[in-house]
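A.B. asks: Got a structure for you, questions after.
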Amino acid sequence: MKIKRITMPVLMLSWTLLTVHCSTPKKVGFKNPVDTTDRQIEYQNKTTYQFGALGVSVSNEFDGARLNGAVQSNDSTITLYFAPENVPINKSPYYAFKTWSDTPKLVYFEFQYPKGFKHRYKPKKRTDGQWSLVDSTDLIKTDRGRILRLKVDSRPQIIAAQEINSSEDVRQWYLRDIVSSNEFVRLGSAGQTALGRDIPVLDIYRGSPDGKPIIVLLTRQHPPEVTGFFAFQKFLETIVEESALSTQFLNRYRVLAFPNLNPDGVDLGHWRHNANGVDLNRDWSKYRQPEIKNVVSHIERSSKDTNGEIILGLDFHSTYEDVFYTNKTREGTTLPHFIDDWFARLQMDIEGYRVNEKDSNSDKPVSKGWFLYGQNAVGITYEIGDHTPKERIVEIGTASSKAMMEILLKQ
């Protein structure tokens, strides 16, 4: 399937930001370099599969979909095939499809992955605009894999490994909840992706940016990792809320927030990579991919132009459990005591919460290592569990944001 190169209109207010990309960002060395040159990917055939005998349709014709094939196996079962954009890749099969039927009926959907891949994510479904977790009794484990038992009718349902937050969903969120009511939030572009989409950046401060230390927030390097994005959302919403803490914080500090670092991969329904078939969180060294090159250029230029030191970088992801990945090296960095102080506050402020920290200096070119080796700053990979309840994510995101602001105001 041929994919046309996409060109997106550029906001006029972003003109000064787009000039950043003529500069060459400073490369950072890592112990174990990773080859991040372009790799071929396999595009999905975007189509709607119609099974006339069953009166059931299955489709991947929407942003964030992942479905590589569908065949009817018997009078009540449809086998669905899901494959990654390329290999090697993490063994975390992502799937997302839409289904409906002429009349109400019970249908069995068999999930098949390539050899060597096993089912990971619990299915979620969206009906009438609302997401819910599929009942565990309707996910049947067999020798061949997983089978989902689903009641279908004329209302289209989306079944997905994680709630879908497409690039447009993300854009609607930050325009509505972050940008529209806050004059101190400036929306810009850090440049373009491999397919020509804008990489949005929210530049947040009160007064003048000159001399303000910079905190960088990142998310969606890996497309399906939406629980980390949910934490990012609440973290950022807390920073911009109308409160004395927020006002005082933004009078002293500047936040550069990147709400969707991999919009191509997000909308293409990729398991992990960008449109060039590369894990962006392995490219924070030589910047072979446009997303990382442009983001790094933007961060460095923003720091240089306003004489603002980069002091902290938080990169929001998802994995099997809640965990913070930190660097061991802290003495001599911008905030040598921040991590200990922050984690102590989280355990004090969140009832029943115990920080799960795994510390090691990054040997591969990931973002937290770039903050340490490239900026002498604190870098943290902020991971939320795949199935951490949303209410808990909101609680953790709010508390961690408030604690960060309070600690930094004491510096």
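The values are calculated or read from the model by the stated rules, or taken from the named source; none is laboratory data. Remember, predicted model here, so these are calculated numbers, not experimental data. Note that each Cβ is placed from the backbone with ideal geometry, even for glycine, and that neighbours are counted across all protein chains shown. Just the protein is used for accessible areas: all its heavy atoms, side chains included, with ligands, DNA and RNA removed. Shrake-Rupley method; radii C 1.70, N 1.55, O 1.52, S 1.80 Å.
A.B. asks: Could you list, in sequence order, all residues of segment 91-108 that are part of a strand (DSSP E or B) and more than 23 Å from R272 (Cβ to Cβ)? Outline the logic, then answer.
C.D. replies: Taking segment 91-108 as the starting set, the residues that turn out to be part of a strand (DSSP E or B) are 96-101, 105-108.
Listed by number, the residues that qualify are T99, W100, S101, K105, L106, V107, Y108.
A.B. asks: Next up: Could you check how many residues of segment 178-193 are assigned to a loop (DSSP other than H, G, I, E, B) and touching a residue at least 24 places away in the same chain (Cβ under 8 Å)? Before you say what the answer is, go through the steps one by one.
C.D. replies: Here is the first cut: in segment 178-193, the residues assigned to a loop (DSSP other than H, G, I, E, B) are 180-184, 193.
From the residues that got through so far, the ones that are touching a residue at least 24 places away in the same chain (Cβ under 8 Å) too are 182, 184, 193.
Matching residues across segment 178-193 total 3.
A.B. asks: Separate question: Does G196 qualify as being among the small types (G, A, S), within 24 Å of the chain's Cα centre (by Cα), surrounded by fewer than 19 Cβ atoms within 10 Å (Cβ to Cβ) and in a loop (DSSP other than H, G, I, E, B)? If you could, list the steps in order and put the result at the bottom.
C.D. replies: Working: among the small types (G, A, S): yes; within 24 Å of the chain's Cα centre (by Cα): yes; surrounded by fewer than 19 Cβ atoms within 10 Å (Cβ to Cβ): yes; in a loop (DSSP other than H, G, I, E, B): yes.
Yes; evaluated as a whole, the condition is true for this residue.
A.B. asks: Picking from E357, E391, which residue would you name as being charged (D, E, K, R), closer than 22 Å to I239 by Cβ and either at pLDDT 95 or above or touching a helix residue (DSSP H, G or I) at 6+ places or on another chain (Cβ under 8 Å) (or both)? Walk me through it before giving the result.
C.D. replies: Details: E357 fails: closer than 22 Å to I239 by Cβ.
Of the residues listed, the single one that is charged (D, E, K, R), closer than 22 Å to I239 by Cβ and either at pLDDT 95 or above or touching a helix residue (DSSP H, G or I) at 6+ places or on another chain (Cβ under 8 Å) (or both) is E391.
A.B. asks: What residue, among those in segment 25-49 that are more than 22 Å from the chain's Cα centre (by Cα) and β-branched (V, I, T), is nearest to E85 (Cα to Cα)?
C.D. replies: Among them, the one singled out is T47.
A.B. asks: Scanning for something open to solvent by less than 10 Å² (accessible area, probe 1.4 Å) and either modelled with pLDDT of 95 or more or in contact with a Cys (Cβ under 8 Å, 6 or more places away or on another chain) (or both), does segment 204-211 turn up at least one residue?
C.D. replies: Narrowing segment 204-211 to residues open to solvent by less than 10 Å² (accessible area, probe 1.4 Å): 204.
Restricting the remaining residues to those that are either modelled with pLDDT of 95 or more or in contact with a Cys (Cβ under 8 Å, 6 or more places away or on another chain) (or both) gives 204.
Within segment 204-211, one or more residues are open to solvent by less than 10 Å² (accessible area, probe 1.4 Å) and either modelled with pLDDT of 95 or more or in contact with a Cys (Cβ under 8 Å, 6 or more places away or on another chain) (or both).
A.B. asks: Being under 26 Å from the mean Cα position of the chain (by Cα), without any contact (Cβ under 8 Å) to a residue 60 or more places away in the chain and surrounded by fewer than 16 Cβ atoms within 10 Å (Cβ to Cβ) is the filter here, so list the residues in segment 103-132 that pass it.
C.D. replies: Start the filter on segment 103-132 by keeping residues that are under 26 Å from the mean Cα position of the chain (by Cα), which leaves 111-114, 116-132.
Those still in the list that are without any contact (Cβ under 8 Å) to a residue 60 or more places away in the chain too: 111-114, 116-119, 123-132.
Once the filter is applied, which keeps residues that are under 26 Å from the mean Cα position of the chain (by Cα), without any contact (Cβ under 8 Å) to a residue 60 or more places away in the chain and surrounded by fewer than 16 Cβ atoms within 10 Å (Cβ to Cβ), segment 103-132 yields P114, G116, K118, T127, D128, G129, Q130, W131, S132.
A.B. asks: For segment 336-411, give me every one of the helices (runs of 4 or more DSSP H) that falls completely inside it and has 3 or more residues that are open to solvent by less than 10 Å² (accessible area, probe 1.4 Å), within 21 Å of Y205 (Cα to Cα) and of a type outside the set (G, A, S).
C.D. replies: 390-409
A.B. asks: Looking at segment 60-102, which of its residues are free of Cβ contacts under 8 Å to residues at least 40 places away in the same chain, of a type in the set (A, V, I, L, M, F, W, C), under 22 Å from E163 (Cα atoms) and open to solvent by 10 Å² or more (accessible area, probe 1.4 Å)?
C.D. replies: The one that is free of Cβ contacts under 8 Å to residues at least 40 places away in the same chain, of a type in the set (A, V, I, L, M, F, W, C), under 22 Å from E163 (Cα atoms) and open to solvent by 10 Å² or more (accessible area, probe 1.4 Å): A70.
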